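Working notes, beginning with the structure itself.
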Amino acid sequence: MVVWGSNFVVVKTTLHQLPPLLMAALRFALAAFPALLWLPRPAVDWRNVAAYGFLIGVVQFSCLYTAIQGHITPGLASLVVQTQAFFTTGLAMYFLRERVQAFQWGALCLAMCGLGLIAWHTDGDTSLLGLVLVLTAALGWSSGTLVCKQAGGVNLLSYVVWSSVWATFPLLGLSLVFEGWPAIQEALQQAHALTWAGVAWQAWANTLFGYAVWGWLMARHPAATVAPLSLLVPVFGMASSALLLGEPLPGWKLGAAALVMAGLALNVLWPRWRARHAG
């Protein structure tokens, strides 16, 4: 969650030189190559791998990057994209028949209050298009999470690497169509070392490490338990903005972080407490 939270600052900075669809394509290209040359294909149906790559790579990040480029602020994007936790819970209930218990609803309500407090204090510097794009990204993330869960106990690093191929080429095609070859060529020629470092951070820290760990958790635990962990992302997003960009941390931000942490603590610790006292 620290890696994902800090990434919104990196994304905003990198978008100063790269158009969003091209940046997403480069991110997944670096995640796929050259690692797939020595990592075996995951032992799962290729359609599952392709679906995961499309949902996470094309749906989530093409929408998220396009939104952050100028339709929504990075802080608000880190907040709105966390609706994926609620999408994931709802989809798991419908498709996987997972039962969401009362304490989990309570945990989600606490966390949602924290997110609501953050939303209440935003400056409103966003557009309807930006909100729709980030909500679509959240739905892509949650759908990809459930696809990964259906893959079972596969090698998650191989799974993420090979699925990145299914994201790279569609994103390149979309970049050519909507951003155009002249813009792509100019961006690649003008990109400096920090830009490429930003792309590498997104590819290796966020995609390979972050999503491999996320998929490992989702494959072994109920979606309703794991999904709310992502609610820490806007908390770490605010912290990284404060440290790297000098953003202030007033009391309402700390209060929102406390509400989110309380929801997570209830979600994770309540089953253990109940089991201990039941015995």
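Take every Cα pair under 8 Å whose residues are at least 6 apart in sequence, average their separation, divide by the length of the stretch 84-151, and the relative contact order is 67 percent. Net charge of the neighbourhood of GLN104, taken over other residues with C-beta under 13 Å away and scored Lys/Arg +1, Asp/Glu -1, is +1. Taking the Cα centre of the stretch 85-236 as reference, the dipole from Cβ charges on Lys and Arg (+1) and Asp and Glu (-1) amounts to some 640 debye. Return the whole-Å distance between the Cα centroid of the stretch 252-279 and the Cα centroid of the stretch 91-153. If you average the Cα positions of each part, the centres end up 18 Å apart.
Using Cα pairs closer than 8 Å and at least 6 residues apart in sequence, work out the relative contact order for the stretch 131-222, in percent. For the stretch 131-222, the relative contact order is 62 percent.
Taking 0.36 nm per residue of sequence separation and removing the Cα-Cα distance, the ARG272/LEU229 pair yields an extension gain of 13.8 nm. What FRET efficiency, computed as 1/(1 + (r/R0)^6) with R0 = 35 Å and r the Cβ-Cβ distance, is obtained for ALA119 and TRP196, rounded to the nearest 0.05? The computed FRET efficiency comes out at 0.55.
Long hydrophobic helices in the chain, taken as whole DSSP H segments with a C-alpha length of 15 Å or more on their own axis and mean Kyte-Doolittle hydropathy at least 0.0: 2-14, 20-32, 84-95, 102-120, 128-150, 156-178, 233-245, 251-278.
Is the C-alpha gyration tensor of the stretch 115-214 telling us rounded, prolate or oblate? Criteria: a/c under 1.5 is rounded; beyond that, a/b larger than b/c is prolate, otherwise oblate.
oblate
For the chain, what is the relative contact order in percent, using Cα pairs closer than 8 Å and at least 6 residues apart in sequence? Write out the running numbers ahead of the final one.
Numbers: 390 pairs, mean separation 113.4, N = 279.
It rounds to 41 percent for the chain.
Taking a ≥ b ≥ c as the square roots of the eigenvalues of the Cα gyration tensor, an a/c ratio of 1.5 or more together with a/b no larger than b/c marks the chain as oblate.
When trypsin sites (Lys or Arg not before Pro) are flagged only if DSSP places them in a loop and at most 10 other Cβ atoms lie within 10 Å, the longest unflagged stretch of the chain comes out as 100-279.
Of the residues GLN17, TRP141, VAL154, the one whose Cα sits farthest toward the positive end of the charge dipole of the chain, with +1 on the Cβ of Lys and Arg and -1 on the Cβ of Asp and Glu, is VAL154.
Return HIS16, HIS221 ranked ascending by Cβ neighbour count within 10 Å, so the fewest neighbours appear first. Please list the in-between numbers first.
Numbers: HIS16 10, HIS221 13.
With the sparsest Cβ surroundings first, the list reads HIS16, HIS221.
When a/c reaches 1.5 or more, the comparison of a/b and b/c decides; with that in mind, is the stretch 26-116 rounded, prolate or oblate per its Cα gyration tensor? Oblate. The packing ranking, built from the mean of other Cβ atoms within 10 Å per residue, places the peptides 51-61, 31-41 in the order 51-61, 31-41, highest first.
If I take R0 = 30 Å and measure r between the Cβ atoms of GLN185 and LEU36 in this structure, what FRET efficiency does the formula 1/(1 + (r/R0)^6) give, to the nearest 0.05?
On the way: r = 26 Å, r/R0 = 0.88.
Computed FRET efficiency for GLN185 and LEU36 comes out at 0.70.
Values in this text are rule-based calculations from the coordinates and carry no lab data. Keep in mind that what you see is a predicted model, and the values were worked out from it rather than measured. Quick reminder, even Gly has a Cβ in these numbers, built from the backbone with ideal geometry, and neighbours come from all protein chains shown.
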